[in-house]
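Undergrad: One structure, as structure tokens, below. Some questions next.
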Amino acid sequence: MSVRTRFAPSPTGYLHVGGARTALFNWLFARHHGGVFVLRVEDTDEARNTDEAKQAIFGGMRWLGLDWDEGPEVGGDCGPYFQSERREIYDRWFAKLVDADRVYEDGGAWRFRFDRRPVTMHDLVCGEVTIDYRDESNTPDMVVKRSDGSYVFHFVNVVDDLEMRIGHVIRGEDHLMNTPKHLQLIEAFGMEPPKYAHIPLILNPDGSKMSKRDEGAAVGDYPRQGFLASAVVNFIAMLGWSPKNDEEIFSIDELVSRFSLEQVNRAPARFDLEKCRWVNQQHVMKLDVAEFARVAKPFVEEAGLPIDGAFESVMAAVKDKVRVLSDVPKMVDFLLCDELVYDGEAMAKAGSNAAVWSVFEDLAARFEGIQDWSADAAKAALAEAAAAAGVKAGQMMFPLRVALTGRGQGPDMGDVLSILGKSRSVERVRAFRRKENNS
RNA sequence: GACCCGUUCGUCUAUCGGUUAGGACUCCAGAUUUUCAUUCUGGCAAGAAGGGUUCGACUCCCUUACGGGUCGCCA
């Protein structure tokens with residue numbers, strides 16, 4: 001029998017990293033084994049469900065690249081995939097419980113009568129765990145059908161996993177204590193349970209439980225913050241899973257081929273956004289220039305910067321220095337438009353040496369005298385101007401950077417010089433001189 | 001409170017009884033780039049505590065502490 005896993009979110013909010021990682025592990029496990037990944041929407045709580053949430057979850061999964069083989073919008077043999085549409089199926093399974101005399105009425109609702117004995121489960125991550133159901137105070141009979149006739153989570157979740165022939169249930173550790181309840185239900189149905197794997201939760205940097213509103217929690221925020229989906233997938237995979245060696249940068253395909261549940265940790269991990277940014281940089285560096293230009297372009301346009309023919313060479317100059325795509329505009333704005341914003345700190349640092357300033361006296365003229373403009377020719381002109389003023393050429397690099405870019409850091413000066421070209425370089429050196437004279 | 005899971009550098013982790021406890025992020029230093037950043041090299045930094053078992057314990061067992069989870073007519 002082939003491997004079948006599922007992700008079963010309830011559409012009550014956006015997709016958060018914890019849910020995304022649960023979906024990812026299920027997806028990786030299914031893909032690794034050439035199995036089927038099912039998406040099922042657990043929308044039994046009508047009051048809290050929203051269509052926006054549903055779309056946010058679908059959208060988040062698509063962005064991450066977690067495609068589902070069965071589920072909403074793609075169909076499948078085990079549908080419908082919305083619990084709100086599976087009413088008759090639940091009624092049928094509920095009747096089995098009634099026939100077996102395993103439920104009783106309580107205040108209009110129906111409770112499932114637990115077998116009062118120790119229940120042992122064999123979790124693929126946590127190992128053997130036993131919960132003693134003789135302790136009724138800790139395990140009161142659970143409601144499976146509400147007084148309004150609707151069914152509760154434990155019941156529908158179990159029925160659907162059985163109906164959809166899910167073989168491996170991979171879910172958050174917050175469900176560990178629910179599993180014996182599910183096992184008891186499955187036994188009452190006379191069915192074989194799936195295998196379970198409970199993965200540790202993701203915590204905030206301070207160790208508290210990560211939930212909505214916490215920084216980095218919403219998967220939907222990642223695209224516009226300039227993260228690559230492959231990097232986010234790589235990073236969240238590393239939270240709770242390890243290849244058991246020193247490697248840590250993986251493409252999605254590499255994760256698929258390497259993933260296994262035996263490599264999942266049991267301790268909860270804290271979310272470190274700084275490392276996530278570093279992972280993103282590693283993935284950005286692996287992009288070729290054309291691809292990088294394509295994904296960075298929307299951010300540059302969003303910042304209102306003009307895109308011209310030199311765009312790809314501009315992108316090439318900064319590609320290996322960006323952590324997140326949203327940083328790109330402020331790294332290249334001086335190359336794309338003529339409105340320079342001078343950084344005060346960089347200005348002060350550049351102008352601290354009076355001798356340096358004298359070099360700019362004739363630098364513009366020397367630049368203008370260059371016949372075939374190139375970075376090398378410009379650098380040679382700078383060296384000559386520096387020598388004439390008795391200043392070391394190296395000392396001029398930083399001031400020239402500030403003059404041409406307005407700030408203290410950026411791409412290699414060779415790239416800046418060649419992209420800017422002669423007339424803009426001359427103009428900016430002159431503008432810089434004027435600013436100095438005025439101050 | 002009861003029950004369950006967990007505990008290696010600040011963080012993510014390797015180690016499956018014998019290691020100078022390794023890697024990565026962050027931070028610091030050096031190098032290279034005639035410049036800043038990038039990059040590279042190096043450095044700081046860990047087995048929660050106490051008992052066992054053993055020739056030997058981060059690794060196995062117990063206790064304590066701490067962290068997380070679960071005890072709904074939420075999912």
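The values are calculated or read from the model by the stated rules, or taken from the named source; none is laboratory data. These figures come from a predicted structure and were not determined experimentally. Positions of Cβ are generated from backbone atoms using ideal geometry, with glycine treated the same way; all protein chains shown enter the neighbour counts.
Undergrad: Name the single residue, out of those in segment A:117-133 being surrounded by 12 or more Cβ atoms within 10 Å (Cβ to Cβ) and assigned to a loop (DSSP other than H, G, I, E, B), that is farthest from RNA strand B (Cβ to nearest atom).
TA: This residue is A:Leu124.
Undergrad: Mind counting the residues in segment A:134-169 that are part of a strand (DSSP E or B) and either closer than 25 Å to A:Leu261 by Cβ or aliphatic (A, V, I, L, M) (or both)?
TA: Applying the first criterion (part of a strand (DSSP E or B)) to segment A:134-169 yields A:142-145, A:151, A:168-169.
Next cut, either closer than 25 Å to A:Leu261 by Cβ or aliphatic (A, V, I, L, M) (or both) only: A:142-144, A:168-169.
So the count comes out to 5.
Undergrad: Can I ask one more? Name the residues in segment A:152-182 that are within 12 Å of A:Gln83 (Cβ to Cβ) and within 8 Å of RNA strand B (Cβ to nearest atom), would you?
TA: Correct list: A:Val152, A:Phe153, A:Val156, A:Asn157.
Undergrad: Among the residues of segment A:380-397, which ones are near RNA strand B (Cβ under 8 Å from one of its atoms), surrounded by fewer than 17 Cβ atoms within 10 Å (Cβ to Cβ) and under 18 Å from A:Ser425 (Cβ atoms)?
TA: A:Ala380, A:Ala383, A:Ala393, A:Met397
Undergrad: Right, here's the next one. Mind checking whether some residue in segment A:55-75 is more than 24 Å from the chain's Cα centre (by Cα) and farther than 30 Å from A:Ala231 by Cα?
TA: No: segment A:55-75 contains no residue that is more than 24 Å from the chain's Cα centre (by Cα) and farther than 30 Å from A:Ala231 by Cα.
The rows are residues; the columns are (1) over 20 Å from A:Gly406 (Cβ atoms); (2) touching a residue at least 40 places away in the same chain (Cβ under 8 Å).
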site: A:Val289; (1), (2): yes, no
site: A:Lys297; (1), (2): yes, no
site: A:Asp308; (1), (2): no, no
site: A:Ala317; (1), (2): no, yes
site: A:Leu325; (1), (2): yes, yes
site: A:Cys337; (1), (2): no, no
site: A:Val341; (1), (2): no, yes
site: A:Ser358; (1), (2): yes, no
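Undergrad: Ok, one more. Just checking, which of A:Gly65, A:Gly60, A:Gly75 is without any contact (Cβ under 8 Å) to a residue 12 or more places away in the chain, closer than 30 Å to A:Glu254 by Cα and not hydrophobic (A, V, I, L, M, F, W, C)? Don't jump to the end; show me each part of the working.
TA: Numbers: A:Gly65 fails: without any contact (Cβ under 8 Å) to a residue 12 or more places away in the chain; A:Gly60 fails: without any contact (Cβ under 8 Å) to a residue 12 or more places away in the chain.
Just one listed residue meets the conditions, A:Gly75.
Undergrad: Also: So, in segment A:403-439, of the ones that are at pLDDT 90 or above, surrounded by fewer than 17 Cβ atoms within 10 Å (Cβ to Cβ) and within 16 Å of RNA strand B (Cβ to nearest atom), which residue ends up nearest to the chain's Cα centre (by Cα)?
TA: The extreme case among them is A:Asp412.
Undergrad: Any residue that is in a helix (DSSP H, G or I) and aromatic (Phe, Trp, Tyr) - is there at least one of those in segment A:77-92? So that I can check it myself, show each step before the final result.
TA: Restricting attention to segment A:77-92, the residues satisfying the condition of being in a helix (DSSP H, G or I) are A:83-85, A:87-92.
So of that shortlist, the ones also aromatic (Phe, Trp, Tyr) come out as A:90.
Looking through segment A:77-92, at least one residue is in a helix (DSSP H, G or I) and aromatic (Phe, Trp, Tyr).
Undergrad: Which of the residues that make up segment A:163-211 are within 22 Å of A:Asp69 (Cβ to Cβ) and in contact with a Lys or Arg (Cβ under 6 Å, 6 or more places away or on another chain)?
TA: A:Arg165, A:Ile166, A:Gly167, A:His168
Undergrad: How many residues does segment A:81-138 contain that are aliphatic (A, V, I, L, M) and more than 26 Å from A:Leu201 (Cα to Cα)? Full working, then the answer.
TA: Quick first cut of segment A:81-138, residues aliphatic (A, V, I, L, M) only: A:89, A:95, A:97-98, A:100, A:103, A:109, A:119, A:121, A:124-125, A:129, A:131.
Adding the requirement that they be more than 26 Å from A:Leu201 (Cα to Cα) leaves A:89, A:95, A:97-98, A:100, A:103, A:109.
Here the count works out to 7.
Each row is one residue, and each column tells you yes or no for (1) within 26 Å of A:Asn265 (Cα to Cα); (2) touching a strand residue (DSSP E or B) at 6+ places or on another chain (Cβ under 7 Å).
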residue: A:Pro11; (1), (2): no, yes
residue: A:Val17; (1), (2): yes, yes
residue: A:Asn26; (1), (2): yes, yes
residue: A:Gln55; (1), (2): no, no
residue: A:Leu64; (1), (2): yes, no
residue: A:Asp67; (1), (2): yes, no
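Undergrad: While we're on this one: With segment A:215-295 as the region, which helices (runs of 4 or more DSSP H) entirely inside it contain at least 3 residues that are touching a Gly at 6+ places or on another chain (Cβ under 9 Å)? Explain how you work it out, then say what you get.
TA: Details: elements: A:229-237, A:252-258, A:273-286.
The helices (runs of 4 or more DSSP H) meeting that bar are A:229-237, A:273-286.
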